[in-house]
Amino acid sequence: MKVLVVGGGGREHVICWKLKQDPRVTDLYCAPGNGGIASIATCVDIKATDIEGMVEYAKKEQFDLVFVAPDDPLAMGMVDKMEEAGLRAFGPKANAAIIEGSKAFSKQLMKKYSIPTAKYEIFTDEQAALDYLETQPMPIVIKCDGLALGKGVIIAQNLDEAKQAVKDMMEDQKFGSAGSTIVIEECMTGPELTVLAFSDGNTCVPMVSSRDHK
């Protein structure tokens, strides 16, 4: 099999490392990849968010499988575009990746299906968000709705910090369009545990659990 992995971080390095061990994988490529990945796969200079460029390259090279790993291209619909082009792609389509791509959507989904989550409110109006903060205990968490490279979450220790976070996101657009809508939620403390699973809609296979120490 000729396989292309999309992405260039530590996650993609591990994916490439594991794929390299499969005897069925005869040719392994990664776009854009990194220096470490270059030791086990052929790196290609295409940005992970270049949907059109990535699809054209995959078509040209006739990959048997394209593994799309990063949040941004998934939320932008890269898997959808790959499949439209007749390519076999692994990863959620845009209508599923929105769970990661929009915090407001994921919170509403959890509320709809009674999945436990922190108390929250969603705002598209800056003044409404500031007024809400006046009524809430501190510390409090302010999140950009969209993807912000892992930096769109502020744990404000007091009201001044909380108001500044709202201003940074909504007025100054410090995180771009990701902060046009924000989620304000209660601050919860304690151990964090991540449990993920692979699913095709019918079968669910859990991965090994992990802890993210921050």
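The values are calculated or read from the model by the stated rules, or taken from the named source; none is laboratory data. Since we're looking at a predicted model, the values are computed, not measured. Cβ coordinates were reconstructed from backbone atoms using ideal geometry, including for glycine residues, and neighbour counts include every protein chain displayed. Accessible surface areas use protein heavy atoms only, side chains included; no ligands, DNA or RNA. Shrake-Rupley method; radii C 1.70, N 1.55, O 1.52, S 1.80 Å.
Details
- Diffusion coefficient of the stretch 72-199 by Stokes-Einstein, Kirkwood radius over Cα pairs, 10 °C, 1.306 mPa s: 100 µm²/s.
- Cβ-based charge dipole, the stretch 29-159, positive-most Cα from Pro73, Ile155, Gln127: Ile155
- Set Lys111/Lys167; Lys103/Lys163; Lys2/Lys81; Lys143/Lys174 screened for pairs whose C-alpha atoms are more than 22 Å apart: Lys111/Lys167
- Solvent-accessible area of Tyr57, all protein chains in place: 40 Å² (probe radius 1.4 Å, heavy atoms, ligands and nucleic acids excluded).
- Listed residues Val55, Gly9, Gly35: farthest to the positive end of the dipole of the stretch 1-86 (Cβ charges): Gly35
- By a 1.4 Å probe calculation restricted to protein chains, Ser114 has an accessible surface near 100 Å², given to the nearest 10.
- Kirkwood-based Rg to Rh ratio, the chain, C-alpha trace: 1.03
- What a 1.4 Å probe finds exposed on the chain is 52% carbon and sulfur by accessible area, rounded to a whole percent.
- Residue-by-residue Karplus 3J(HN,Hα) for the stretch 80-91, coefficients 6.51, -1.76, 1.60, Hz, glycine and proline x: 4, 5, 4, 5, 4, 8, x, 9, 8, 10, 10, x
- A simple charge model with +1 on the Cβ of Lys and Arg, -1 on the Cβ of Asp and Glu and nothing else charged puts the dipole of the chain at about 740 debye relative to its Cα centre.
- Over the stretch 125-178, accessible surface divided per residue gives 55 Å², non-protein components excluded, 1.4 Å probe.
- Residue-averaged 222 nm ellipticity for the chain, from DSSP H runs of 4+ at -39500 (n - 2.57), nearest 500: -9000 deg cm²/dmol
- Computed log₁₀ I(q)/I(0) - Debye formula, equal Cα scatterers, no solvent, the stretch 31-93, q 0.12, 0.29 Å⁻¹: -0.26, -1.36
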